[in-house]
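Have a look at the structure below before the remarks.
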Amino acid sequence: MISPIILYAMIALGAVGVLLALPRAKASFALPGFLIGATAGGIVIAALGSKALADGGNLPNMYFYVFGFVALAAALRVVTHPKPVYSALYFILTILATCGLFLILSAEFMAFALVIIYAGAILITYLFVIMLATQAPTEEMVENQPAFDRVAREPVLATVSGFLMLAVLSTLLAQGVPTLKTPPAPESDALLAELPLRIERSLRERNTLGEEGGILPTESLAREVMQDGSAGQYIIDVANRTVTVQVDAEGGARRVVSWPEDLALTNTEGVGYELIKAHPGAIEIAGVILLMAMLGAVVLARKQMQIDEDAKRAQAQGLAGGEGAAS
Amino acid sequence: MIATLAQAGFPEAMSGLTLYHYLFISAVMFVLGLIGFVTRRNLIVMFLCTEMMFQASGIALVAFSRFYLEYTGQVFVIFVLTVAAAEAAMALALVVLLFRRNESLDGSVWSLLKG
């Protein structure tokens, strides 16, 4: 962990910056507040970097600092920008920077899912609602935002308690955290051995591409023969990275083929396999939650429509009645 | 267990990084979201800030997933995404409903709900 004095001083400085940057009634200190907050964050991140250097590691990856800084700066703007549309756009920037962090962590699937779902779907919905639910601008409001957007509620109390929590969190998180491990290859192999068809597909692809070590279209992975003649497990030797291949479909001749050297599970395959193997119930429940949310949104919107139609009908009847009385 | 960028030709991708770096980014983002949720009075921005807290928890989950070389953390980010999508759909429908009734996005207008 970096020196606690630097950490706490910079957290306090960051609190001052956020406090200044929050929207307030009269003068706006957004720019100086943003600069102070950015300086504090930059010093902490630089201290983390120099600490890693002093520990004998290489200088940490530059992209981590760039993405981390962009994510936090955009997050600050989301919280402090008086216009909701700009808040939403800055949030998209936060998400994109987070995706960069995920790529450094080699979580490619999550990074792209985040861009598609968060930046592509959820934030567009937010933008729609922001534009739908905005008061029609009156003469004096063309320049000004509504008061509830311009003035923050309880800024001092919220900032102080929030950054107090950050100080405690960052102290606790720092206790005994070693560097990230390099992934061991054998575990990937053990996972691959549970996916025999993946190995078979890879071997077939090698044959199609004309590379060494593939299998012919007529060949397939061999299974153990049980005592009653039925087929058992696929014969896979994890330690030597070999599989047994049946030369023709009728059985008979078999030969041993080794896996391609570069065969490894991609991130997407790993996440998908873990999702289906370890959390099959949770993914069903997630589907139900999404369905319920969709139904709920439809019901909420639908009820309002009926009220509108009733009001219109009543208005039309009132008009008709009025005309009838006048004639 | 996790196919690394190192295998794809980025050998220096993880050099010198510690779990703490990611957890610190995550903590700062969470606290910023929390401050935003408490201080902003615009209903839509308040919900945006909760999404930012989800995002921060996602960073922590993926970092732990990478640290323990397990996919479970990343799988949980999928569930976080699910909850975030469901929450966005419901909350925004409610916000539109409240706006039609009161012609205002000010959260404190609804202080009557305190009872």
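The residue that is farthest from residue B:38 (Cα to Cα), counting only those in segment B:49-72 that are surrounded by fewer than 22 Cβ atoms within 10 Å (Cβ to Cβ) and small (Gly, Ala, Ser), is B:60. Among the residues of segment A:238-249, which ones are touching a residue at least 24 places away in the same chain (Cβ under 8 Å) and part of a loop (DSSP other than H, G, I, E, B)? Those that are touching a residue at least 24 places away in the same chain (Cβ under 8 Å) and part of a loop (DSSP other than H, G, I, E, B): A:238, A:241, A:247, A:248, A:249.
Answer yes if at least one residue in segment A:66-75 is at pLDDT 90 or above, of a type in the set (A, V, I, L, M) and in contact with a Phe, Trp or Tyr (Cβ under 7 Å, 6 or more places away or on another chain), and no otherwise. The answer is yes; a qualifying residue exists.
When you check residue B:39 against the structure, is it among the β-branched types (Val, Ile, Thr) and either on the phi > 0 side of the Ramachandran plot or surrounded by 22 or more Cβ atoms within 10 Å (Cβ to Cβ) (or both), yes or no? Criteria met by residue B:39. Of the residues making up segment B:66-98, those that are part of a helix (DSSP H, G or I) and touching a residue at least 40 places away in the same chain (Cβ under 8 Å) are B:66, B:67, B:87, B:88, B:91, B:92, B:95, B:98. Looking across A:224, A:211, A:205, one residue alone is touching a Gly at 6+ places or on another chain (Cβ under 9 Å) and not in a helix (DSSP H, G or I). It is A:224.
Is it fair to say residue A:112 is at the interface with chain B (Cβ under 8 Å from one of its Cβ atoms) and at pLDDT 90 or above? Walk me through how you get there before you give the answer.
Values: at the interface with chain B (Cβ under 8 Å from one of its Cβ atoms): no; at pLDDT 90 or above: yes.
Considered against the rule, which asks whether it is at the interface with chain B (Cβ under 8 Å from one of its Cβ atoms) and at pLDDT 90 or above, residue A:112 comes out as no.
Considering A:322, A:252, the condition of being more than 8 Å from chain B (Cβ to nearest Cβ), loosely packed, with under 11 Cβ neighbours inside 10 Å, modelled with pLDDT under 70 and in a loop (DSSP other than H, G, I, E, B) is satisfied by A:252 alone. Restricted to segment A:257-281, and to residues there that are among the polar types (S, T, N, Q) and part of a helix (DSSP H, G or I), the residue that is farthest from the other protein chains (Cβ to nearest Cβ) is A:268. Selection within segment A:82-103: residues that are facing chain B (nearest Cβ under 9 Å) and among the β-branched types (Val, Ile, Thr). The member of this set that is surrounded by the fewest Cβ atoms within 10 Å (Cβ to Cβ) is A:95.
Considering only segment A:212-247, how many residues are of a type in the set (S, T, N, Q) and either under 12 Å from residue A:196 (Cβ atoms) or not assigned by TED's automatic domain parsing to the domain that holds residue A:190 (or both)? Before the answer, list the steps.
The first filter runs over segment A:212-247 and keeps only residues of a type in the set (S, T, N, Q), leaving A:218, A:220, A:227, A:230, A:233, A:240, A:242, A:244, A:246.
Okay, now just the ones that are also either under 12 Å from residue A:196 (Cβ atoms) or not assigned by TED's automatic domain parsing to the domain that holds residue A:190 (or both), so A:220, A:233, A:244.
Number of matching residues: 3.
Of the residues A:264, A:239, only one is surrounded by fewer than 11 Cβ atoms within 10 Å (Cβ to Cβ) and either of a type in the set (Ser, Thr, Tyr) or under 15 Å from residue A:191 (Cα atoms) (or both); which? That would be A:239, the only listed residue that is surrounded by fewer than 11 Cβ atoms within 10 Å (Cβ to Cβ) and either of a type in the set (Ser, Thr, Tyr) or under 15 Å from residue A:191 (Cα atoms) (or both).
The values are calculated or read from the model by the stated rules, or taken from the named source; none is laboratory data. No experiment lies behind these values; they were computed from the predicted model shown. Cβ atoms come from the backbone with ideal geometry, glycine included; neighbour counts cover every protein chain shown.
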